[in-house]
1. For peptide A:187-198, compute the average count of partner chain beta-carbon atoms within 10 Å of each residue's beta-carbon.
2. Roughly speaking, what is the stretch gain from residue B:194 to residue B:84, that is 0.36 nm per residue apart minus the C-alpha to C-alpha distance, in nm to one decimal?
3. Once each part is reduced to its C-alpha centroid, what is the distance from region B:40-101 to region A:187-234 in angstrom?
4. Could you tell me what fraction of 2.2 N^0.38 Å the Cα radius of gyration of the protein assembly as shown comes to, as a two-decimal ratio?
5. Using only DSSP helix segments of four residues or longer, with each worth -39500 (n - 2.57), what per-residue ellipticity at 222 nm results for chain A after dividing by its residue count and rounding to 500?
6. Can you give me the P(r) profile for chain A? Cα pairs, bins 20 angstrom wide beginning at 0, each as a whole percent.
7. Take residue A:157 and residue A:205, extend 7 Å from each Cα along the Cα→Cβ direction, and tell me the distance between the two endpoints in nm.
8. Using helices alone, I'd like the mean residue ellipticity at 222 nm for chain B: each DSSP H run of four-plus residues gives -39500 (n - 2.57), total over residue count, nearest 500.
Amino acid sequence: MIKNSEYRRHTAKMLRKITRNWELYLFMLPVVLLLFLFHYMPIYGVQIAFREYKSFRGIWGSQWVGLKHFQRFTNLNMFPKLMRNTILLSVYQLLAGFPLPILLALALNACAAPRFKRIVQTVTYAPHFISMVVIVGMLNLFFAPSTGIIAILLRKINLLNGNLTTLMSASSFRHLYVWSGIWSGLGWNSIVYLSALSGVDPYLHEAAIVDGATKLQRCRHIDLPCIAPTIVILLILRMGNMVDIGFQKAYLMQNSMNLDVSEVLSTYVYKQGLQNAQYSYSTAVNLFNSVINFFLLISVNAFSRKVSEMSLW
Amino acid sequence: MANHTKIRRIRSDLIFDITVNAILALLLLIVAYPLWFVIIASVSDPTAVSFGKVIVWPVGFSLEGYKEVVNYPSIWRSYLNTIIYTLCDVGLTTVVTVMAGYALSRRDFVGKKLFVIYMTITMFFSGGLIPTYLTVRSLGLMDKWPIVFLLGCVSVRNIVIVRTFIQSNIPESLVEAAFLDGCSHTKFLLWVVVPLSLPVISVIALFSAVGQWNSWFNAMIYLRDENMMPLQIVLRNLLVNQTAMMRDVLETGGNNDLAQAQKALSMKYALIIVATLPIMCVYPFLQRFFVKGMTMGSIKG
């Protein structure tokens with residue numbers, strides 16, 4: 001009896017809180033609605049990966065076909081090549097692109113001239129805000145066969161006669177892709193490390209100076225260990241996205257000559273899905289990709305927890 | 001003996017300093033030169049650019065490229081489109097984000113946890129390209145211009161940033177005092193929270209503006225009408241389209257059109273400048289804020 005009245009009082013209090021705060025629910029409404037329309041409805045639609053989707057039948061009316069599309073994809077002649085292209089590109093990107101921002105952050109941190117430091121920061125952060133279209137456009141201009149600045153400079157130092165074929169050759173696609181990415185992301189990616197470095201306890205440095213440590217020794221034995229957790233966490237995150245090459249840049253850089261190496265999973269999904277209107281098949285390929293990434297993230301995280309006792313969760 | 005080690009230390013430090021500055025100077029040069037080259041190529045004489053005379057400084061000042069850009073028919077239309085899309089995106093994003101961020105910062109908000117879970121799920125799972133496309137189609141939003149900013153205007157990360165900012169910058173006592181005086185949530189949000197949160201709001205507004213300005217993917221997929229295309233799509237057609245590239249190569253081949261091809265080349269450089277100029281104008285503000293923004297984001301989520 002007492003319990004019941006207490007429960008009732010509690011409910012009344014709760015109701016009062018809800019009615020008093022009715023505006024807050026109104027404030028949440030747009031977010032809830034937009035997420036429902038553009039996130040939850042597509043998530044619900046992922047089931048067409050297991051169906052034979054026909055527009056006029058809708059999602060529920062389309063026939064259930066199980067793993068047919070997944071089997072078709074893994075049996076595809078192109079399957080090994082697609083996986084290879086995607087993985088090679090991301091491994092290359094990771095190996096070449098991961099250490100440089102750390103180097104930049106350490107160098108900026110050690111730089112004794114504040115003005116020079118500011119200039120370097122301002123300039124290196126800037127390319128992050130340039131659009132992907134412009135970056136790829138710049139690549140096309142700079143590496144243009146006869147009039148590009150690269151061809152001109154190479155001719156000046158007698159390393160090239162005739163035309164530059166970089167843009168047309170399949171073998172240079174990966175280099176172009178990765179190094180232009182490094183160019184545009186170098187400064188931006190160093191910010192995280194720089195802010196981690198600003199948290200290094202100055203007493204550590206003072207103590208080291210008293211003990212007669214050189215700057216190099218301080219950089220190696222104080223700065224680097226202090227940002228190690230940040231490095232590991234970012235590495236885990238990056239490795240979790242290993243089989244995920246962003247669509248935009250790969251698509252923009254594709255041409256008929258480099259298609260052999262530039263066709264990655266995301267561009268394949270786009271072409272099959274929207275250009276060939278194979279909705280179910282394309283969704284299945286995309287889902288396959290996401291599942292791989294998910295397991296990759298989990299296993300990298302578990303591995304890191306075992307080895308270094310650092311993990312995301 | 002002590003003196004000897006000291007000298008060695010000084011020498012080591014000197015080498016270290018030189019190396020550090022050399023690394024920075026090298027990286028600076030590598031990042032800066034392409035940007036600088038675009039600028040000088042855009043204001044140089046078209047002939048000088050295509051013959052490789054322009055390397056360090058502009059040669060034969062000329063605004064031929066900019067003239068071409070101004071005369072290109074679809075540039076203005078798309079420029080205006082992008083400005084409209086960007087303004088809409090910024091408006092919608094900030095309003096939606098601030099409202100949700102405020103609601104989630106309230107302690108006595110019943111059901112807060114449910115909303116948080118609802119939002120967090122979308123950070124880890126997404127439908128992917130095709131299901132999103134089919135959803136947009138079934139909602140009848142194909143070829144309707146608001147779709148270019150509707151899809152991306154809710155960012156859970158931004159909402160969390162705003163919530164954290166409000167929680168740590170607006171004292172609870174102020175809230176209680178306001179409500180004792182009979183202030184409503186709407187009034188409190190408008191007259192107290194928004195003015196006090198201007199730093200974080202401007203960061204979010206600037207970032208969504210830059211994101212929208214640079215985006216082309218949604219427009220490519222969801223829009224058909226040429227008159228609705230944003231600037232980046234026109235840029236793509238002019239700068240990266242393969243057939244356009246091929247045509248230029250062919251044009252350079254024929255003597256008659258040489259001047260035309262040279263003009264087209266310097267137009268591309270001018271186009272890059274014209275398209276990137278607004279971003280470069282807000283860049284100083286961005287730079288002031290974004291280090292802060294990044295660290296704010298890393299507090300939670």
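Values quoted throughout were computed directly from the atomic coordinates according to the rules given, and no laboratory measurement underlies them. Note that the structure is a prediction, hence the values are computed from the model and not measured. For neighbour counting, all protein chains shown are included, and Cβ atoms are generated from backbone atoms with ideal geometry for every residue, glycine included.
1. Whole-number average of other-chain Cβ neighbours for A:187-198 is 2.
2. Working: separation 110, 0.36 × 110 = 39.60 nm, distance 2.38 nm.
Once the chain is fully extended between residue B:194 and residue B:84, it gains 37.2 nm.
3. Between the Cα centres of region B:40-101 and region A:187-234 lies a distance of 40 Å.
4. Values: Rg = 27.5 Å, N = 614, 2.2 N^0.38 = 25.2 Å.
Relative to the 2.2 N^0.38 Å estimate, the protein assembly as shown comes out at 1.09.
5. On the way: 18 runs with 213 residues, N = 313.
For chain A, the value works out to -21000 deg cm²/dmol.
6. Here the calculated profile for chain A is 22, 44, 28, 6, 0.
7. Computed distance between label sites residue A:157 and residue A:205 equals 3.5 nm.
8. Details: 15 runs with 228 residues, N = 301.
Estimated from H runs of four or more residues: -25000 deg cm²/dmol.
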